[in-house]
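The values are calculated or read from the model by the stated rules, or taken from the named source; none is laboratory data. Model, not experiment: these values are computed from the prediction. Reconstructed Cβ throughout: ideal geometry from the backbone, glycine too, with neighbour counts over all protein chains shown. Ligands, DNA and RNA are excluded from the accessible area calculation, which covers all protein heavy atoms including side chains. Shrake-Rupley method; radii C 1.70, N 1.55, O 1.52, S 1.80 Å.
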Amino acid sequence: MTLAHTDTPGVIAPPPLIYLGTLGIGFGLDAVIGGASPPPAAARPVGAALIVTGVGLLGTFVRAFGRAGTPLDPYTPSETIVTEGPYRLTRNPGYLGMTLMYAGIAVVSNAPWALVPLPIAIAVIDRGVIAREERYLERKFGARYTDYKRRVRRLI
């Protein structure tokens, strides 16, 4: 095995696919179980706000990685620890953004059963992605990362 393959966190799957897969399962549940009534007047604006906020977080996440010169791809070695932009407030703005987008899509789509698998997606992201990324960053960057980790919360 080459260094490039061992110098990665070894996440179980690309995070967007984890969210999309569970959202697809949720829409399947909603199609089978159904029974949702039209959303109340507040549901669409709330869902839209969740989507916009999630997209905004994803945008700041992408820009912060670009400014730091480190790749977004979890299968590519990290070049540095990103601590600017949204990373001053949360260690995982991208996953928080994807979670908000998922919830917003389910709400706007009037698919309440699509929310049922969301905790599964969050658990898979937590154990199969975030925990692995954190172990990797601790190995690669040592005290620099553990100091950052002590200062900034994992999600919110």
* Asked: Among the residues of region 40-55, is any under 17 Å from the mean Cα position of the chain (by Cα) and basic (K, R)?
  -> no
When every residue in region 92-114 that is of a type in the set (S, T, N, Q) and modelled with pLDDT of 95 or more is compared, the one farthest from I25 (Cα to Cα) is N92
Would you confirm whether or not region 103-113 contains a residue that is within 13 Å of the chain's Cα centre (by Cα) and within 26 Å of G10 (Cβ to Cβ)? no
Within region 113-133, residues of a type in the set (A, V, I, L, M), open to solvent by less than 80 Å² (accessible area, probe 1.4 Å) and either assigned to a helix (DSSP H, G or I) or in contact with a Pro (Cβ under 9 Å, 6 or more places away or on another chain) (or both) come out as A114, L115, L118, A121, I122, A123, V124, I125, V129, I130, A131
From the option list T80, T76, single residue qualifying as of a type in the set (V, I, T), touching a helix residue (DSSP H, G or I) at 6+ places or on another chain (Cβ under 6 Å), assigned to a loop (DSSP other than H, G, I, E, B) and more than 18 Å from L155 (Cα to Cα) is T80
Note on region 29-71: residues in contact (Cβ under 8 Å) with a residue 12 or more places away in the chain, surrounded by 11 or more Cβ atoms within 10 Å (Cβ to Cβ) and not in a helix (DSSP H, G or I) are A36, P39, T70
Of the residues in region 86-102 that are open to solvent by less than 20 Å² (accessible area, probe 1.4 Å) and free of Cβ contacts under 8 Å to residues at least 60 places away in the same chain, the one that is nearest to A64 (Cα to Cα) is P86
Does region 134-144 include one or more residues that are assigned to a helix (DSSP H, G or I), surrounded by 14 or more Cβ atoms within 10 Å (Cβ to Cβ) and among the aliphatic types (A, V, I, L, M)? yes
